[in-house]
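> Handing you a structure now.
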There are 2 protein chains.
Amino acid sequence: MLVLSSPSGAGKTTIARALLRSDRNLVMSVSATTRQPRPGEVEGRDYHFVDHESFEAMIREDRLLEHARVFDNLYGTPRQPVDGALAEGQDVLFDIDWQGTQQLRQNARADLVSIFILPPSVGELEKRLRSRAQDSDDVVRKRMAKAGDEMSHWPEYDYIVVNTDIEASVAAVQSILAAERLKRDRQIGLADFVNRLRGGEQVPG
Amino acid sequence: MLVLSSPSGAGKTTIARALLRSDRNLVMSVSATTRQPRPGEVEGRDYHFVDHESFEAMIREDRLLEHARVFDNLYGTPRQPVDGALAEGQDVLFDIDWQGTQQLRQNARADLVSIFILPPSVGELEKRLRSRAQDSDDVVRKRMAKAGDEMSHWPEYDYIVVNTDIEASVAAVQSILAAERLKRDRQIGLADFVNRLRGGEQVPG
């Protein structure tokens with residue numbers, strides 16, 4: 001389980017999409033939300049758009065790995081697709097905030113690698129937030145305030161990537177994923193493999 | 001401090017050289033040894049070749065970070081070049097065995113990332129050991145026995161790379177190095193950087 005968090009506007013979504021294109025063993029966890037779709041957002045790809053009543057039912061029936069309120073909307077991670085992907089040996093990418101990350105760390109059975117993406121500067125952050133033309137000044141101000149709050153949680157993450165250059169940042173996250181997969185504890189069957197090597201038996205492939 | 005260990009013949013030296021060529025912030029720790037140079041080995045690049053008496057003096061004067069006897073020869077890591085490189089902010093690569101790694105973990109003040117390189121099969125390992133034409137059958141047999149012993153220490157390492165393909169293995173170790181540099185605790189000045197971001201002050205570059 002790989003978590004990407006960042007203040008809105010730091011480039012996280014772009015990084016996540018590039019990762020998913022380059023890594024066939026990685027699947028995205030699609031969040032459920034009660035907020036309205038933005039232009040261009042697709043049901044089932046960007047979010048599962050649900051009404052408040054359905055969302056409350058998911059909470060009651062323990063069908064969410066984590067959930068949180070942001071402004072007036074609810075966001076949450078459906079449990080079943082994550083469990084299914086992990087059971088098939090796939091890695092799952094989460095685009096969630098610090099609240100979601102804390103809950104996921106407590107609620108999920110699999111181990112979790114967390115990465116925090118920081119913008120290179122406040123000017124760049126504000127520029128990126130403003131370029132979303134559909135948002136009003138008021139929403140941008142609220143987002144800047146929320147970004148400051150979100151950024152205060154960087155010490156809770158394993159890795160920090162400052163997104164100065166998008167290609168370098170994608171490569172950085174790819175390196176983290178590759179390295180984590182090479183950790184001793186994540187390599188299943190290694191003890192048997194080494195025993196065969198030491199026993200002198202030829203290992204195929 | 002990045003340690004590469006492996007049984008002789010697993011491809012560690014080739015990987016180390018490729019890493020050093022690709023990464024200007026990485027320097028090699030050159031071991032001291034009492035064994036005779038092999039054809040093509042260069043003093044100061046492959047080893048510091050010293051006599052027994054000089055080696056014993058280095059031990060007495062605490063000028064070695066670690067040392068060990070392998071067959072009839074002594075091997076050790078001079079302390080001063082490592083301390084110097086780390087003080088200048090460089091990363092140091094060590095090509096040492098499990099005994100050296102254990103001592104380094106105890107004796108060095110800096111933190112240590114350890115990688116164990118495994119051969120893809122016993123057949124491949126033996127082939128690579130035999131292709132060193134200058135070694136007698138007896139030496140090859142001793143090496144195979146030592147390789148088995150060395151491989152039993154894989155659980156003491158952070159990362160395991162099975163060297164099936166040399167280019168993939170070099171990329172794997174590069175990913176580990178890149179990821180370790182992105183770990184939160186290794187990024188100096190991050191708290192100040194985030195404070196400036198949150199305070200709204202523009203950060204240059």
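The values are calculated or read from the model by the stated rules, or taken from the named source; none is laboratory data. Source: prediction; values computed, not measured. In this analysis, Cβ positions are derived from the backbone assuming ideal geometry, glycine residues included, and neighbour counts consider all displayed protein chains.
> Here are some residues: A:175, A:169. Which one is touching a residue at least 60 places away in the same chain (Cβ under 8 Å) and touching a helix residue (DSSP H, G or I) at 6+ places or on another chain (Cβ under 6 Å)?
When all the criteria are applied, what remains is A:169.
> Further, regarding this structure: Please state which of the following conditions residue A:147 fails to meet, knowing it meets all the rest: (1) more than 8 Å from every other protein chain (Cβ to nearest Cβ); (2) touching an Asp or Glu at 6+ places or on another chain (Cβ under 8 Å); (3) of a type outside the set (Phe, Trp, Tyr); (4) touching a residue at least 24 places away in the same chain (Cβ under 8 Å).
Failed condition: (2).
> I've got another one for you. Take residue B:176 and decide whether it is at the interface with chain A (Cβ under 9 Å from one of its Cβ atoms) and not in a helix (DSSP H, G or I).
no
> For the range B:96-153, which positions are of a type in the set (Val, Ile, Thr) and under 23 Å from residue B:174 (Cβ atoms)?
Within the range B:96-153, B:96, B:101, B:113, B:115, B:117 qualify.
> Hey, any hits in the range B:54-65 for a residue that's surrounded by fewer than 19 Cβ atoms within 10 Å (Cβ to Cβ) and closer than 22 Å to residue B:173 by Cβ?
No, the range B:54-65 contains no residue that is surrounded by fewer than 19 Cβ atoms within 10 Å (Cβ to Cβ) and closer than 22 Å to residue B:173 by Cβ.
> Still on this structure, I have one more. With A:111, A:97, A:137, A:91 as the choices, which residue is more than 14 Å from chain B (Cβ to nearest Cβ), more than 22 Å from residue A:68 (Cα to Cα) and touching a residue at least 60 places away in the same chain (Cβ under 8 Å)?
A:91
> A follow-up question, please. Is it true that some residue in the range A:195-202 is at pLDDT 85 or above, more than 7 Å from every other protein chain (Cβ to nearest Cβ) and within 30 Å of residue B:145 (Cβ to Cβ)?
yes
> For the structure I just gave you, tell me whether residue B:160 is within 15 Å of the chain's Cα centre (by Cα) and either aliphatic (A, V, I, L, M) or more than 7 Å from chain A (Cβ to nearest Cβ) (or both).
Yes: the conditions hold for residue B:160.
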